[in-house]
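Quick notes on the structure that follows.
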Amino acid sequence: MIKEILLSESADMGLILSDEAAEKLDKFTAMLLRRNEDMNLTGAATEAEVAKRHILDSLAILRFLPETALSVLDVGSGAGFPGLPMSAAAPRLRITLLDAREKRVEFLREVCGALDIDAQCLAGRAEELAAGSLMREAFDAAVSRAVARLNVLAELCMPFVRVGGLFIAMKSADSDEEIEQARDAIKTFGGSIDSIREYTTDGIKRRAVLIIKNRNTPPEYPRRFSKIQKKPL
Ligand code: SAM
């Protein structure tokens, strides 16, 4: 049972986690480890590792979301991080979990259904969905963790964010060079770095890079993934 770890450590972070949310995240952890036996979902081997390394890290960025941010897209959610714990902990948010791998999204749907977590689970590639009109500039915020370097990630995520909205990129503490290299790209996609917030979970220093969307992303972005990879901005 990791419910107690989640309750006490989230309180240490200044986050009020309801008993019901902690219970759901406890059950999610069990489902994740069980499914991990036949699917590659996480490197974490124990419930405590999932709780400390992934769930608390996901919850940590809730404090960086402004009150006005209600619709949130998690790009490359994988086994649900950070969006699924955010949705369980803050049900007022309308969270969409997006991943390119259908099998992972199937798992996310199963978890949300079983635990009554109100997140939309969507299979697809970010660069293709962001090029269409339905989801483009339709979210108050985008979040993403462990998907790509920041210059590439910004091209994948920023087109989804409305002008005035926020993109939160979760990065390690040693990301100075990566952040510097991405500044021009972020500007090209219509944004600027507002602040870099440092925090610690599981004794590890981490960063949330907060990027404000100042103007519309030019229609030629995002490019096809092969192009993004070959010529990252
Ligand atoms: N965010 C999760 C986490 O922190 O544990 C998963 C990280 S995993 C290393 C990267 C995920 O991003 C994979 O599940 C992959 O399928 C997804 N992904 C990579 N590129 C993507 C794209 N262009 N569109 C949608 N999902 C993508």
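The values are calculated or read from the model by the stated rules, or taken from the named source; none is laboratory data. Please read these numbers as outputs of a predicted model, since none were measured by experiment. Counting neighbours? That spans all protein chains shown, and the Cβs are built from the backbone with ideal geometry, glycine included. Accessible surface areas use protein heavy atoms only, side chains included; no ligands, DNA or RNA. Shrake-Rupley method; radii C 1.70, N 1.55, O 1.52, S 1.80 Å.
Scanning the range 2-22 for residues that are in a loop (DSSP other than H, G, I, E, B) and touching a residue at least 40 places away in the same chain (Cβ under 8 Å) gives Ile2, Met13, Gly14, Leu15, Leu17, Ser18.
For (1) exposed (fewer than 13 other Cβ atoms within 10 Å of the Cβ); (2) not small (Gly, Ala, Ser), each residue gets a yes or a no:
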| residue | (1), (2) |
| --- | --- |
| Ala138 | no, no |
| Arg162 | no, yes |
| Lys171 | no, yes |
| Glu177 | yes, yes |
| Glu198 | yes, yes |
| Thr201 | no, yes |
| Pro232 | no, yes |
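Counting only helices (runs of 4 or more DSSP H) that fall entirely inside the range 23-135 and contain at least 3 residues that are farther than 24 Å from Ala208 by Cβ and within 16 Å of the ligand (Cβ to nearest atom), the qualifying elements are 102-115. Restricting attention to the range 136-153, the residues that are within 15 Å of the ligand (Cβ to nearest atom) and farther than 21 Å from Ile55 by Cα add up to 7.
When Asp38, Asp57, Asp74 are screened for being open to solvent by 60 Å² or more (accessible area, probe 1.4 Å) and within 22 Å of Val105 (Cβ to Cβ), only Asp38 passes.
Checked against (1) open to solvent by less than 20 Å² (accessible area, probe 1.4 Å); (2) charged (D, E, K, R); (3) more than 30 Å from Lys227 (Cα to Cα), Glu127 passes all but a single condition, namely (3).
Looking at the structure I just gave you, is Ala185 away from the ligand (no atom under 14 Å from the Cβ) and either of a type in the set (Ser, Thr, Tyr) or over 23 Å from His54 (Cβ atoms) (or both)? It is true that Ala185 is away from the ligand (no atom under 14 Å from the Cβ) and either of a type in the set (Ser, Thr, Tyr) or over 23 Å from His54 (Cβ atoms) (or both). If only residues of the range 97-114 that are out of contact with any Cys (no Cβ under 7 Å at 6 or more places or on another chain) and open to solvent by less than 10 Å² (accessible area, probe 1.4 Å) are counted, the one that is nearest to Glu23 (Cα to Cα) is Val111. When Asp184 is tested against (1) over 15 Å from the mean Cα position of the chain (by Cα); (2) without any contact (Cβ under 8 Å) to a residue 60 or more places away in the chain; (3) closer than 21 Å to Val72 by Cα, just one condition goes unmet, and that condition is (3). Here Leu150 fits the description: touching a Ser or Thr at 6+ places or on another chain (Cβ under 8 Å), surrounded by 15 or more Cβ atoms within 10 Å (Cβ to Cβ) and under 30 Å from Glu9 (Cα atoms).
Summed over the range 203-225, residues that are surrounded by fewer than 12 Cβ atoms within 10 Å (Cβ to Cβ) and within 27 Å of Met13 (Cβ to Cβ) total 2. Being open to solvent by less than 10 Å² (accessible area, probe 1.4 Å) and farther than 20 Å from Leu62 by Cβ is a property that Ala182 has.
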